[in-house]
Each structure stands twice: as structure tokens, then as C-alpha cells.
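Working notes for the structure below.
The values are calculated or read from the model by the stated rules, or taken from the named source; none is laboratory data. Keep in mind it's a predicted model, so treat the numbers as computed, not measured. Note: ideal-geometry Cβ built from the backbone for every residue, glycine included; neighbour counts use all protein chains shown. Note: accessible area is taken over every heavy atom of the protein model, side chains too, but ligands, DNA and RNA are not part of it. Shrake-Rupley method; radii C 1.70, N 1.55, O 1.52, S 1.80 Å.
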Amino acid sequence: MRSAPIAAMALTANGVFAFAAHAADNTAETAGEPRSDEIVVTGALPSDYVIEGQGSTTRLDLSLRETPQAVSIITRAQIEDFGLDTVDNLLRRATGVNVDSAETDRTYYNARGFDIVNFQFDGIGQPLSYGLQNGTIDTALFDRVEVVRGATGLLSQTGNPSAAINFVRKRPTRDLGGFASLSYGSYDHVRGDVDINTPLTEDGSIRTRFVGAYDTGDSYLDYYHSSLLTLYGVAAADLGPDTVVTAGYSWQESDPRGVSWGALPFLYADGSPVTYDRSANSAQPWSSWYSLDRNFFADVTHQFSEDWNAKISVLRRARDQDSKLFYVYGAQDPETGDGLFSYPGAYLDRLRETTIDAHVTGKVHLGGQEHDVVLGVNYGESRLVEQESVDADAIGVALPGNSAFDGDFAYPNFGDYAVTADFKTKIASVYGLARISLADPLKVMIGGNVTNAKRTGISYDTPYSFDRTKFLPFAGLTFDLTGTLTAYVSYATIFSPQVQLAADGSILDPLEGETYEAGIKGAWNDGRLTAAVAVFKTRQDNVAESIGFDPDLGQTLYRGVNARSQGVEVDVAGEPLPGLQLSGGYAYVDIEDDQGDKARTFIPRHTVRLSAVYSPPSLDELRMGVSARYQSRISQLYEAFTADGEDATMTQKGYAIVDLMARYQVTKNVSLAVNVDNVTNVKYWTSLQWDQAYYGAPRTVRGTVGFSF
């Protein structure tokens, strides 16, 4: 029987990378038995953009063509080619995904018109606290990143009908070897990486892998300096021919300085736009956002027979943050510059999460056909405690002229900390799916989950308690049109409790969403080139929409609105010609409210993402590439913004960013690379979601030397 493999990076003893076909759960080969499908790729780094399968959508071992949802995958090769060292930079290359960075160290993500709140690691995890990512996630420990667009309630339990992001960790393999690199770039940016795979037994039945990365440097932004240390270790052991146990631990310490909380107000008090130097920063040199994020994971997989297997996974996360921040609110008079005021704050954040998932997958033979089944349970609990310290005398201080951006506001006299939020969340789910083969070309998927979500506690003196159980159905159908083309339709649902505050101080009601999707997928060149076209229609009720910052509460307030989105997406990935690797796509989305008016206009309606790399067959030591991303015009209406109570609108024209790369394999063990980002030096705002943002990075250059061993 055919099993759709997944490319997983391995390291070989002679210092080159290999791609070994692994099952969808990334477990290793059977002890002592060589794999006949192993492919060794010359060169010190992975070079393949080919996508052979994924397991994020259903837990079944399916190829992209067999999956009735839109999926994009960023491979390790693409990460290495374009230096996508952070999750933000990586997701900017994913079809249909928008990275909304209104601040230097907090990021929102959206797809199909709605926020992405589901980050999973090896297929399990819990929604992002407050629906955003605090701090930077380094990509050094990931083999690839899978983006499943639409409602993903079958496995995500709660979230938005936007997308789920699954980070697939690197796993140990049976070969001894490793790779290290050192890079230096603009603004004294220095980065070092190391990745070492070590079998502890002769047959590789016990094996380990260590990954480390250190990234530090100044910035084009005034006062900003980053420092990020990432460490990761993982071990796997074969407990006999049918059982594999894996355990790993990651440590990430981030200590940036000059971080922004909010950013540059881009409208004057009369509603006209403000222009700054690209380096302008509303932060202070003393502002900081220290974060320590630790993750322990373990899983056991067991193959009962050729048709049936089981997996139990555990994930424990501990994150602690300590921030000293400076916020600027108000709007400047276009003549005098007056009108801005200070709001410094100090915060402690403690998050603890535990997630457990257990599932079985198998095949059932009925009516002369083979059918697939998955059954599972998932339980997660988390507790978030936030504390705040303020200096009342430093709040509301007038910042005349451009003094808000001079970096000379005195360090506040922060007092004792007080608890502002303390809540526990528990989510339990039972899920199942049957993939029924009605005929050789026709497959029907029917499934769903029953999820119970509970939360107790407070958030800014507001009681936050809910207990809700909901059934989330999923249905899909695939039909093979030819030997290379498959048509599909699907229906998926999701819901999510919310934490945003309304104007009356209450918590917004949970949001609910559903996605209808249809498309055609194709695979050519023995699966080395894949492409897909999808059309979708999504509904989401009670979407949190910002109505402004309340300085008395120190919080942004929201209202719930209903929205609908529909659109078209195109994906392509793989190797269309020898030596040419492609990854990217096009997305169009139209978003409307209940009245049929345009909604969430800060999200671009048209986006294009395309990366292409070429190695000439006559000179395969050379690798050259270009990565381009385009977004169309965006705008945002700010109600009652001016002193006269009139609305104001901010608009940003469409723009394109082009990045270039080149790498040369000097010897079998040494490579040299150069990356130039934003070649045309485009100046653009990073977000219009609120009335503050900062400018994106200018042209930057980075050189890297790599060593394999």
C-alpha cells in the first residue's frame, strides 16, 4: 500500500544533508533496516522545495492532492535560502497570510480576512493568549512550517476560520553529522547557528539532535537592539521494531531593548497623515521586553499492524516575561507638534500550558474498498497571570513638539506590582474522522469534534468565566479527475472564546465561524511539482474590532462585529524544471460586514508571494534566488478621530518587496552566501490596524559562511 511520505531533514556522516522519507508523525526508520527511498542531496544545506504530504489537517497520512483544504508549506530549504530566521519573516512568504506588526515585539497574523490564533507544534498546542504573538520565535528548531487555511476546528478545537500554523520540529535521525553557520549583516547584525545529529548506538536505535542559535544586533530603528538565544535538544529511541519514543526540550531567551509599545501615531490631530524618518521610534532606550520560553515535549508512537498505529503526545510550556514599556497616545497638532502624552508601564507575565493528545489511525476494508479512520482525544489547560506596575506621575505627561521620539523620557519610578489578570482555561475535545472510499477516484470525509471550553478568573477587574460545549462538524470530498488532477469540496467549522474588553468593561462573547471551500489540486513530475486553486466563503460572527485606547484602563477596547469573506487562492510548490525550485501563490479576499459594506480594510485584498531558486545543471555549486511579495492598497477609518469629532482615514498604496540570495558551495564542507532584502528600498508602514505603526526595514545585506561536518 502506498504511504505518502514527508520530507524530513537528516544529516549524513560525510557532511551533506539528506532527505529521508518519514511517516506523517516524523518517526524514524525501523531499527537496523536501511530505507530504500532515502535520497542524498549534495551540498551542505537542504535544497528541495518539493512537498510530498502533511498530517496537520486530519492526522491521516495524506498527500496535498488528497487533502480537501488549502495548505501551504515552507520547507527548510526555503528557510535557509532566504534567511527566514524568525516566524514573522517566514509567514510573510506563505500564501494568503498577512503579518501585522504594529509594534516591534508583538505581532498579529491574519488569513482569509480573520486573525490567526492557532499555533501548533507537531500538531498540538493551544490558541495564542490574547490572539497575538509576544516576542520573536526563532525558526532554527523547525524542519518545516505548515499553514492550513480556513476553519480548522477538527483538530484545533478553538480558533478562527482563518488558518492554523503547525511548526514541525527537527527530529533526530540515524546518521552522524552536522552543520554550522556564521553571518554578519547591516546594523551589526550577527547570527550563529549549529545543528548536530548524533546516533548513540551503532544501529542508530538511540539517537539525539542538538540545535542552537544566537542572534543579536542593532536596528534601523532608533534605540532598538535585539538579543535572542535558542537552544533545542531532542532524543529518540526504538523500543523494539514497532515503537518509538521521542522527547525534547527547547529554551528561548529574548532580551530586546528599545522596544515599542504602540508605535508612531501616523495621523495629525486634523486627520492628515504624518511623515517620519524611517528610523523614528516612539520607544525609549530603557524600554525592554524580556521573555523566557521553555517547552518540553514527548511522544510515543506504536505500529500495531500494517494498517493501524497510535500516538500519544504531551506538550508542556512555561513562558515568563518582564517588560518595561513606553506608550505614546494622542495626536499632534500639525503646526506645533503638541498633543502627544506619555503612558509608561511595567508588566510581569507568567504563562503555563499543558496539552495532551492521543489518537489512533487505521484502515478498514469494506465493500472491496479501503477506508481510513482516525479517533482521538485532546486535553489542554493553561493559566495566565499578569501583573502591572505604574508610575502615576509619569502617565499623561505632555510631550511637546517631537520630544516623544527623542528617547529622553526619564525612567519612571515604578511601584509595587498588582495582579491585573489571572485566569485558567481548560479545553477538552473528542474528535474523529472517516475517509470513505466510495470508488477508486471518489473519497468522502465525514467527521468532527465535541469540544468543551472553560475559563475562570479575572481580566482587569472584570470577571471572566465561561463554560461552553459545542459540536464542530467537518466534511470533505475529493474526486480524481485525471491521473494528475483532483477536485475537492469541504465544509469546516470553529469557535473561540475571547478575552477582549468591550466599552462597558465586559468580555466579548465567543466568536463562531465556518468555511465552505472548493478547488482543484494537481501533482506532476512524479509529485515533485504541486499546484492548487481554491475558492472559499467564510463567515465569522462577533469579530473583535478595536474602538480605541482607554488611558484610564490602560487597555484597548473592542466591539464585536459580524463579517463575511470570500475569495480565491492559488498555490504552487516544487520543481517544475531541473534545478528550479518554486514556492508561493496568489490570494484575493473580499471582506464585508452584515450590511454589505467593506470591512477590515486594513487587510490587503490582493497578495502575491513567490520565491524561486535556480541551480544551473552545469554548475550545481551555485544557487541563486529571488523572493518577492506584493500587497495591494489598504486603508483604515478611525471614527471620531479629530478634535471636532470627525472621522479620519489612513491609506497606504500597494507595494512590492523583492529579496535576492546567492550561495556558492566552495568545497564539500564550506559554503558562502549573501542575502539582500528589500532591494529597491521601499518605504512602507507595517500595519494600519490601529492608528499607530512603524516603518518596515530598508535595504539590508547579510553574508553567511556555512560549515558542514
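Here are the numbers for this structure:
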item: 4 °C / 1.567 mPa s Stokes-Einstein diffusion coefficient of segment 663-702, Kirkwood radius on C-alpha pairs, µm²/s; result: 101 µm²/s
item: Test item: Cα-centred dipole of segment 462-565, Lys/Arg +1 and Asp/Glu -1 on Cβ, debye; result: 420 debye
item: Virtual spin-label span in nm between TYR460 and ALA434, 7 Å along Cα→Cβ; result: 4.8 nm
item: Among SER671, MET661, PHE641 - extreme Cα towards positive end, dipole of segment 587-674, charges at beta-carbon; result: SER671
item: Estimated distance in nm for a label pair at VAL535 and LYS424, the labels positioned 7 Å out from Cα along Cα-to-Cβ; result: 4.9 nm
item: Carbon plus sulfur fraction of accessible area for segment 246-286, probe 1.4 Å, in percent; result: 52 percent
item: Hydrodynamic radius by Kirkwood, which averages 1/r over all alpha carbon pairs of segment 83-129, in angstrom; result: 11.6 Å
item: Reachable lysines from LYS653, criterion Cα separation under 29 angstrom, eight or more residues apart if same chain; result: LYS537, LYS598, LYS683
item: Interchain or long-range residues, amide H under 5 Å from GLY96's placed H; result: ALA587
item: Per-residue [θ]222 nm for the chain (sum of -39500 (n - 2.57) over DSSP H runs n ≥ 4, rounded to 500); result: -500 deg cm²/dmol
item: Phi-based couplings in Hz for segment 338-347 (Karplus 6.51, -1.76, 1.60; Gly and Pro marked x); result: 6, x, 9, 9, 9, 8, x, x, 10, 9
item: Hypothetical label at SER546: residues of segment 569-610 whose amide nitrogen lies under 16 Å (7 Å Cα-Cβ projection); result: 600-604
item: FRET E, pair ASN402, SER272, Förster distance 25 Å, beta-carbon r, rounded to 0.05; result: 0.95
item: Chain lengthening between ASP242 and ASP620 when straightened (0.36 nm per residue, less Cα-Cα); result: 132.1 nm
item: For segment 177-202 and segment 303-351, distance of Cα centres in Å; result: 28 Å
item: Cα-centre dipole for the chain with unit charges at Cβ (Lys and Arg positive, Asp and Glu negative), debye to 20; result: 1680 debye
item: Neighbour cut-off at most 11 other Cβ (10 Å), DSSP loop, GluC sites (Glu not before Pro), segment 304-371; result: GLU306, GLU335
item: Amide H contacts of ILE458 (H built 1.01 Å from N, under 5 Å, at least 5 apart or other chain); result: ASP422, PHE423, TYR464
item: Bins of 10 Å from zero: percent of alpha-carbon pairs in segment 575-709; result: 10, 28, 27, 18, 11, 5, 1
item: Difference of contour (0.36 nm per residue) and Cα-Cα distance, LEU182 to ASP393; result: 71.3 nm
item: Accessible area in square angstrom per residue, the chain, 1.4 angstrom probe; result: 38 Å²
item: Volume of the Cα convex hull of segment 465-529, divided per residue and given in Å³; result: 131 Å³
item: Across LYS426/LYS470; LYS363/LYS470; LYS311/LYS363, pairs whose alpha-carbon gap is larger than 20 Å; result: LYS363/LYS470
item: Highest average packing first - 692-698, 200-206, Cβ atoms within 10 Å; result: 692-698, 200-206
item: Reduced Cα scattering model of segment 304-375, Debye log10 I(q)/I(0), q = 0.19 Å⁻¹; result: -0.90
item: Efficiency of FRET from Cβ geometry, ASP504 and THR642, R₀ 22 Å, rounded to 0.05; result: 0.30
item: FRET E, pair THR649, PHE341, Förster distance 25 Å, beta-carbon r, rounded to 0.05; result: 0.60
item: In Å, descending, principal axis extents of the Cα set of segment 146-266; result: 62, 40, 18
item: Kirkwood hydrodynamic radius over Cα pairs of segment 86-168, then Stokes diffusion coefficient at 20 °C and 1.002 mPa s, in µm²/s; result: 170 µm²/s
item: Accessible carbon and sulfur surface of segment 626-697 relative to its total accessible area, %, 1.4 Å; result: 55 percent
item: Alpha-carbon centroids, segment 615-692 and segment 443-501: separation in whole Å; result: 32 Å
item: Amide hydrogen neighbours beyond the local backbone of LEU141, cut-off 5 Å, H modeled; result: none
item: Added length on full extension, which subtracts the Cα-Cα distance from 0.36 nm per residue, GLU370 to ILE520; result: 51.7 nm
item: For segment 276-321, convex hull of alpha carbons as volume per residue, Å³; result: 131 Å³
item: Geometric extent, Cα atoms of segment 341-422 - Rg, Dmax (angstrom); result: 26.6, 79
item: From phi via Karplus (6.51, -1.76, 1.60), per-residue ³J(HN,Hα) for segment 667-676 in Hz, x at Gly/Pro; result: 9, 4, 10, 10, 10, 10, 9, 9, 10, 10
item: J(HN,Hα) series, segment 143-148, from Karplus relation 6.51 cos²θ - 1.76 cosθ + 1.60, nearest Hz, glycine and proline x; result: 7, 6, 10, 10, 10, 9
item: Spread of Cα-to-Cα distances over 20 Å intervals beginning at zero, given as percent, for the chain; result: 17, 53, 27, 2, 0
